Amino acid sequence: MSTVSEGVRIDLGLIAATIEAGKRHDAPRVREILARALELKGLPDVDLAVLMGVSDPELLGEVFHTARRVKEGIYGNRLVLFAPLYISNLCSNECVYCAFRARNRELKRRALSQEEIALEVRHLVEQGHKRILVVAGESYPHEGFDYVLNAIDTVYRTASGRGEIRRVNVNIAPLTLDEFARLKAKNIGTYQIFQETYHRETYAKVHLGGKKRDFDWRVNAPDRAMEAGIDDVGIGVLFGLFDWRFEILALVQHIRHLESRFGVGPHTISVPRMEPASGSDVASHPPHPVSDVDFRKIIAILRLAVPYTGIIMSTREGADIRRETFALGVSQISAGSRTNPGGYAEDEKFESAQFCLGDHRPLDEVIRDVAALGYVPSFCTACYRLGRTGRDFMDLAKPGEIKEHCGPNALATFQEYLEDYASPETRSAGEATIARALAEMDPEPRLRAEKMVSLVKGGKRDVYC
Ligand code: SAM
Ligand code: SF4
């Protein structure tokens, strides 16, 4: 049986058959799939189903090792950093897993004023952030949707000291075509929307009220965003609601739909795992909990399935699991996050937060840790500012050319962080990371990177190529 919707079509029968076919496998078949994955062309669904079934520790180690090689081959050792900015927790929906749901009386409601948003932005800028993800529940104060548009203007307008926010991504409820066009006009980077679950029956059970009950309106939101000219769209699944194997295969169907309709798939995939949330029993007892091993498998399989799509890891997860997943395919992480509106200026407050954070470390500490692990923290925002978005980005990414830009841009933005914001400890660890990364680069990008880094050391800011 398949589910037909106007745009995206999730074929349930095909998913069931693929999972079944994937059960018949042996070690040589797994190794043959992994060898093909190294060609960086992605994998057919049945191969993904085979990899999902791997449990032998040695073979699983090989799956993780292959994901690591693919990640390093495409992204090198950079890791992009961002922070979410929760502007409002007002919401008219009833998602049973979320603290912001309308009927949750335990939550303290708050929509930040534009002045309060500016204050939050100043805090983030003063920590060294350059990329922000604006997040809100689905109900806006009296201005309606203009509230979000004004918030984006406020973020871009608010500078502090030597810094400013250079890319605003947005995670808000599905919009109409016209609203998406207005969002695009605000110069956003990525529009993010998670389907939560692609399983229609489960979707109906966990979305009890409000506009979000409409599965099709949500699943077709990335189509409308792209039709409105937003090239970079991020999708995702809330893991814990339904069987993760089903969700991965459905997510891949969604990606194929976008690729065939628009010539380009999503810019990023997010992999939120359900976390405890105030006023939600479901959030503490997910119906399909995902173990740490399976979570690592999910990231590795996605990395092999869509080698060129960014994978985002939030601070929902604890420091240890975050560290492990960097190697498996994650390319962007949030750091120093708060999920309560006003949380940066006034600190973390569970009574107004969306869910419990797993990683409470400040940005400086995360950066030091990331650098010690051998990664280059990056605050780069060059691509979308130079129009390298959507298909143009993928055309550069696929032959491996994007690394020529990412490497030098990561180093220049990291140097900027070290000069302007780092603690002395982080600065000395970071300088060593930059020296090592330069030594490992090919001659041409290395020359460019050295020039850019020395411009930053000489006082120039926002240097990119
Ligand atoms: N309100 C908009 C929506 O639902 O699309 C956008 C913002 S919502 C705050 C962002 C995402 O948070 C949701 O799409 C959902 O995946 C995630 N989320 C909600 N409750 C969560 C929980 N208890 N643990 C982890 N993630 C959660
Ligand atoms: Fe509202 Fe989004 Fe939370 Fe659902 S997930 S209750 S729509 S904020």
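Every number in this text was worked out from the coordinates using simple rules, so none of it is lab data. This is a predicted model, so every value here is computed, not measured. When we count neighbours, we look across all protein chains shown, and the Cβ atoms used for this are built from the backbone with ideal geometry, even at glycine.
Observations on the structure shown:
- Charge dipole (debye, nearest 20) of the chain; +1 at Cβ of Lys and Arg, -1 at Cβ of Asp and Glu: 420
- Local net charge near Phe355, Cβ-Cβ under 9 Å (Lys/Arg +1, Asp/Glu -1): 0
- Computed label-point distance, nm, for sites Tyr464 and Ser113 using a 7 Å Cα→Cβ extension: 3.3
- Label-point separation in nm, Ser92 to Glu72, each point 7 Å along Cα→Cβ: 5.2
- Taking a sphere under 11 Å around the Cβ of Val306 and counting the other residues whose Cβ falls inside, with K and R at +1 and D and E at -1, yields a net charge of +2.
- Checking every one of the GluC sites (Glu not before Pro) in the stretch 63-162 against DSSP loop status and a limit of 16 other Cβ atoms within 10 Å picks out Glu106, Glu143.
- Ranking of His254, His360 by neighbouring Cβ atoms within 10 Å, starting from the fewest: His360, His254.
- The stretch 67-172 - share of DSSP beta bridges that are antiparallel (%, nearest 5): 25
- Ala181 versus Lys41: modelled label distance in nm, points set 7 Å from Cα along the beta carbon direction: 4.0
- Formal net charge of residues neighbouring Glu365 (Cβ-Cβ distance under 10 Å; K, R +1; D, E -1): -2
- Positive dipole terminus of the stretch 1-84, leading residue within Val30, Gly42, Phe82 (C-beta point charges): Phe82
- One decimal place: the segment Ser284-Ala319 gains 10.6 nm when fully extended, by the rule 0.36 nm per residue minus the C-alpha distance.
- When only Cα pairs below 8 angstrom with a gap of at least 6 residues are kept, the chain shows a relative contact order of 19 percent.
- Lone cysteines, the chain (no partner Cβ under 4.7 Å): Cys91, Cys356, Cys380, Cys383, Cys406, Cys465
- The trypsin sites (Lys or Arg not before Pro) found in the stretch 1-96 that occupy coil by DSSP, while having at most 16 further C-beta atoms within 10 Å, are Arg9, Lys23, Arg24, Lys41.
- Considering all different alpha carbon pairs of the chain, the Kirkwood hydrodynamic radius works out to 22.5 Å.
- Simple point charges give the picture: +1 on the Cβ of Lys and Arg, -1 on the Cβ of Asp and Glu, and for the stretch 90-241 a dipole about the Cα centre of about 380 debye.
- Only beta bridges with both residues in the stretch 170-281 are counted; by DSSP, about 10 percent of them are antiparallel.
- Summarising the strand pairing of the chain, around 15 percent of its internal DSSP beta bridges are antiparallel.
- Only the Cβ atoms of Lys and Arg (+1) and of Asp and Glu (-1) were treated as charged; on that basis the dipole of the stretch 389-453 about its Cα centre amounts to roughly 120 debye.
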